[in-house]
Amino acid sequence: MSKTKFVILFIIFGFAFLFITTSLLGSTGPRGFPQPPDSILTTGSDSPIAWKNAVSTIILPIKVVLIGPLALPQVNFLKEDPPPPFVGIYFIFYWTILALLIHYFLGKLKHS
């Protein structure tokens, strides 16, 4: 698979994953990005519904990698409620770098 196709698919599936998990596990209704009082990482983990707690615990490592530096407690980027295009641009930039690294390492594994 070419790098360009891999990056495009990675970005599409990243946004789909974030939207689906936020919509299913969020307490404030369906939306693309978590809004206060929902946290981007703990969405669903404080829910009284057992399946939301279980799913949130299972997908937490994936979300930590996909959210990247926004998951750091020192970053107040999402707490300031930036316009959605800035959050989307950040994710596209971060996921492009992440997808290129994954593509590179998968290529190394394939050739060895």
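The values are calculated or read from the model by the stated rules, or taken from the named source; none is laboratory data. This structure is a prediction, so every number in the text was calculated from the model and none was measured. Note: ideal-geometry Cβ built from the backbone for every residue, glycine included; neighbour counts use all protein chains shown.
At-a-glance table
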{"item": "Residue match in segment 25-43 (condition: assigned to a helix (DSSP H, G or I), more than 13 Å from residue 67 (Cα to Cα), at pLDDT 65 or above and within 15 Å of the chain's Cα centre (by Cα))", "result": "yes"}
{"item": "Within segment 1-14, tally of residues that are modelled with pLDDT of 90 or more, out of contact with any helix residue (DSSP H, G or I) (no Cβ under 7 Å at 6 or more places or on another chain) and among the hydrophobic types (A, V, I, L, M, F, W, C)", "result": "4"}
{"item": "Hits in segment 61-75 (condition: at pLDDT 60 or above and loosely packed, with under 15 Cβ neighbours inside 10 Å)", "result": "61, 62, 64, 65, 69, 72"}
